[in-house]
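Here's the structure, in C-alpha cells; my notes come after.
Just so it is clear, none of the values below were taken in a lab; they were calculated from the coordinates. Everything numeric in this text was worked out from a predicted model, so none of it was measured. Neighbour counts run over all protein chains shown; Cβ positions are idealised from the backbone, glycine included.
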Amino acid sequence: MKTRRRNPALLLLVVFLLLNAPAQRFAAQATSPAVVALDSVGLTVSNMERSVDFFSRVLSFEKVSDIEVAGVEYERLQGLFGLRARIVRMKLGDEFIELTEYLTPKGRPIPVDSRSNDRWFQHIAIIVSDMDQAYQWLRQNKVGYASTSPQTLPQWNKNAGGIKAFYFKDPDEHALEILWFPPDKGDPRWHRQAHSLFLGIDHTAIVINDTLASLHFYRDTLGMKQVGESENYGTEQEHLNNVFGARLRITALRTGSGPGVEFLEYITPRDGRPYPPDSRASDLISWQTNFISTDVRDADTRLRSGGISSVSPGAIDIAGGEAGFRTALSARDPDGHIVRLLQK
C-alpha cells in the first residue's frame, strides 16, 4: 500500500492561516467604522405644538411620526430619571430632525446671553434655493435674528467664497442657519432644479475647543471621513456669527449617508464658555446627533477604550422599538455635545 506524501509548504500555509485568522478578523473589525450614517439631528423643545408649527409652516418640514416614551430603558439611555417624553420626527428633503419635549422632568431654557462661540452652540444648516426669497420669508414670519443679515463669504476664501448664509432662531432660541451654495460648491444635489425654497439639511455645526481632539472622536473613533476644511474670518464672518473678531477653523466630516458634521473652532476670540457640566437632556441647550451603527456594543467598547464620557451605562436594549431602534447608547464628545448611536 502506498503512503501519501504530505506537502510541507502546504501544511505551513494552513497553520499560518489558522493562527492568523483571529488577528485578521480583529483587524477587519477595527478598521470598519463604528457609525455608517447620520440618521437625524435632535433638539429639545419646550412646547411641541409650537415647534412643530414653526418647522412645518415656516421651514416646510413634514411630520413623519409622533410618539411618547417612558420607562427605565429610556431613563438609562438619556441619563434622566423619571423621564417621560414626546418625540416628533420631521423630514425636509431626505434629512430628518427629532424634536423632543420632556413632559417630566422639565429642563432649563437656553441662557439669554448665549453667543455663537459658546461651546454648547449647535445648529442645522438648511439649504435654500434662493437666499433673498428665504430671508424675506423668514422676516415675514418674524423669526429672531442671530446674524445681522445674510452674508456672502468673500471670494478670497477658496473653500467658502460665494457661499451665502444667515443665522436665525426658532421659538426656543435654538440657532438655525439657511445656506446657499454657488455652482462650484456644495453637494451636486443642491444644484438640481428645485421647486421648493427649503431643500434639506446639509450638516449640523458644533462649536469645539480643539479640532484635533474632536477629530480623534468623530474621525478616529466613530469612523467619519474628513471631507473639507477652511479658515474663515473678516467682517462677513463676524456679522454671520455676530461675534466681533471671529476667526474660525472649520472642518467638515461625513458618514456614508445623511447630513455631515461641521466643527467650528474659534481661533479668536477664545472666550466662548464651556458646555455646562451639570446639563441634562431636558435642558433646551441639549442637541443630539443621532448616528446609525451596525454594532452598538462594539462601538461601546471602542468609546470606553478611548476614555469617552458616557451618558448611558453602555448599550441599552429598547423593548418594543417604537422609537425606531432596538439598541442604543448615548455619549458626550470632548466638548460635551451629545451623540447617540442607534442600531435598528
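Total residues in segment 214-235 satisfying the condition of being exposed (fewer than 14 other Cβ atoms within 10 Å of the Cβ) and within 26 Å of H174 (Cβ to Cβ): the figure is 2.
For segment 151-183, taking the residues that are without any contact (Cβ under 8 Å) to a residue 24 or more places away in the chain and in contact with a Lys or Arg (Cβ under 7 Å, 6 or more places away or on another chain), the one that is surrounded by the most Cβ atoms within 10 Å (Cβ to Cβ) is identified as I163. The criterion of at least 1 residues that are on the phi > 0 side of the Ramachandran plot and free of Cβ contacts under 8 Å to residues at least 40 places away in the same chain is met by none of the strands (runs of 3 or more DSSP E) wholly inside segment 225-344. Would you mention how many residues in segment 100-151 are under 20 Å from H203 (Cβ atoms) and basic (K, R)? Residues flagged as under 20 Å from H203 (Cβ atoms) and basic (K, R) within segment 100-151 amount to 1.
Out of everything in segment 174-193 that is in a loop (DSSP other than H, G, I, E, B) and either charged (D, E, K, R) or touching a strand residue (DSSP E or B) at 6+ places or on another chain (Cβ under 9 Å) (or both), what residue ends up being nearest to E49 (Cα to Cα)? Checking each candidate, the answer is H174.
Of all residues in segment 199-215, those satisfying the criterion of being farther than 17 Å from E95 by Cβ and either in contact with a Pro (Cβ under 8 Å, 6 or more places away or on another chain) or part of a helix (DSSP H, G or I) (or both) are I208, N209, D210, T211, L212, A213, S214, L215. With respect to (1) within 26 Å of A194 (Cα to Cα); (2) in contact with an Asp or Glu (Cβ under 6 Å, 6 or more places away or on another chain), the lone exception for L83 is condition (1).
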